[in-house]
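The values are calculated or read from the model by the stated rules, or taken from the named source; none is laboratory data. Computed from a prediction, not measured in an experiment: that's the story for all the values here. Note that each Cβ is placed from the backbone with ideal geometry, even for glycine, and that neighbours are counted across all protein chains shown. Just the protein is used for accessible areas: all its heavy atoms, side chains included, with ligands, DNA and RNA removed. Shrake-Rupley method; radii C 1.70, N 1.55, O 1.52, S 1.80 Å.
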Amino acid sequence: MGELRLYAIGIDEVRGMVGADEGYAAQLREIAHRALAPEPVGARSGGLLSRLGPIFRRVPASPVVSPTDPEPHDVEALLAGAYVPPDRVGAAWRVLETLVQGVAWGSTKLDLTGAEMDVLDFALARGGVSAAVGLHHLLSSTTSVALLPVTGLTVGWHPFDKALMMASAYRGAMAELETADHRELIAALVVWLDGFVPWAEVAQQLRRPVPDLVGFYAG
C-alpha cells in the first residue's frame, strides 16, 4: 500500500529547514524535541504520521539503530545543513517531514498505490482535468530541498496558485468520475484544498509565505 501525504506550507519554509537560521532553528528544534519525547504510558498517538510506526521513538537500550528512525543528532545535522551520511538520509527525511507537519497549516493523506494513482489520474483526465494538476505531476516537481533522495520516498510540490487550480479542476470533474470511491476521495481532497485561501489570508497577516502544496509519497 502506498500513501500520499499532503501538506499546506510555503516551499521556502521547507527549504529553509535545512541549514535553518538561528530563530527558525530554535522553533524547529522544539517541534523535533516534542516528537522525540517518550510517549506517556497509555497515551494514544495522533496526527497524520502516527500510522507510519514509531517516529523518533525506539525501544530503550535497543542495540540496533534503524537507518530511518531519527536520533537527536539527525535533527541537529539537518538544522545545521551539515553533511548527512548515506546511512542516515532516510532518518533525515523523517525528521524533515515531521518538521513540515509541525509548521504546516494543514495536512491530509491519500492511501494509493502507484497503480491506483495512475488510475485516478486517468479518471480525472477523462473528466477534463489537465495532467499539469494531476497527482503524478505534483510528485514530479522537485522541491530542491538540500537532501539526497532516498529509496521508497518521492517528494514534490505545487505552488499556491496551482493548488487552487487543482481544487477547481477536481471539483469540476467529480460528476464525471465513474466510481464512488474516486468521487469520495476527490470530494474530501477538494474540501481540504479549499482551505488554502483562508490559510493564505492568515499567513499574510502573520508575515509568513502563503502555503504551497507539498507531497510526500511513500510506496
| remark: Considering region 64-117, residues that are within 15 Å of the chain's Cα centre (by Cα) and acidic (D, E), and then whichever is surrounded by the fewest Cβ atoms within 10 Å (Cβ to Cβ), we arrive at D111
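Could you tell me whether any residue of region 47-54 is under 19 Å from G19 (Cβ atoms) and at pLDDT below 95? Outline the logic, then answer.
Of region 47-54, the ones under 19 Å from G19 (Cβ atoms) are none.
No, there is no match, as no residue in region 47-54 is under 19 Å from G19 (Cβ atoms) and at pLDDT below 95.
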| task | Return the pairs, sorted by first residue and then second, in which the second residue is among the acidic types (D, E) and not in a helix (DSSP H, G or I), the first residue lies in region 115-142 and is in contact (Cβ under 8 Å) with a residue 24 or more places away in the chain, the beta carbons are less than 8 Å apart, and the residues are 6+ apart or on different chains. | result | A123/E178
| request: Considering only region 193-217, state which residues are within 27 Å of L112 (Cβ to Cβ) and surrounded by 17 or more Cβ atoms within 10 Å (Cβ to Cβ). | output: L193, F196, W199, A200, V210, P211, D212, L213, V214, G215, F216, Y217
| query | When H136 is evaluated against the numbered criteria (1) open to solvent by less than 40 Å² (accessible area, probe 1.4 Å); (2) not in a loop (DSSP other than H, G, I, E, B), which criterion, by number, is the only one it fails? | reply | (1)
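Scanning for something part of a helix (DSSP H, G or I), in contact with a helix residue (DSSP H, G or I) (Cβ under 6 Å, 6 or more places away or on another chain), under 20 Å from V103 (Cα atoms) and at pLDDT 60 or above, does region 63-71 turn up at least one residue?
Within region 63-71, the subset part of a helix (DSSP H, G or I) is none.
No: zero hits.
Kindly provide the set of residues from region 174-219 that are in a helix (DSSP H, G or I), among the hydrophobic types (A, V, I, L, M, F, W, C) and under 15 Å from D111 (Cα atoms), ordered by number. Explain how you work it out, then say what you get.
Pass one, region 174-219, residues in a helix (DSSP H, G or I): 174-176, 180-193, 196-205.
The next check asks that each one be among the hydrophobic types (A, V, I, L, M, F, W, C); those that pass are 174-175, 180, 185-193, 196-197, 199-200, 202-203.
Scanning region 174-219 gives L185, I186, A187, A188, L189.
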| request: Enumerate the pairs (first residue in region 145-168 and under 25 Å from L124 (Cα atoms) and touching a residue at least 12 places away in the same chain (Cβ under 8 Å); second residue anywhere and assigned to a loop (DSSP other than H, G, I, E, B) and charged (D, E, K, R)) with beta-carbon separation below 7 Å, excluding pairs fewer than 6 apart on the same chain, so at least 6 apart or on different chains. | output: A167/D194
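Do you know which residues across region 77-125 are charged (D, E, K, R), more than 16 Å from P149 (Cβ to Cβ) and either in a helix (DSSP H, G or I) or in contact with a Cys (Cβ under 8 Å, 6 or more places away or on another chain) (or both)? Reasoning before the result, please.
Of region 77-125, the ones charged (D, E, K, R) are 87-88, 94, 97, 109, 111, 116, 118, 121.
Add one more test, that the residue is more than 16 Å from P149 (Cβ to Cβ), and what stays is 109, 111, 116, 118, 121.
Selection gives E116, D118, D121.
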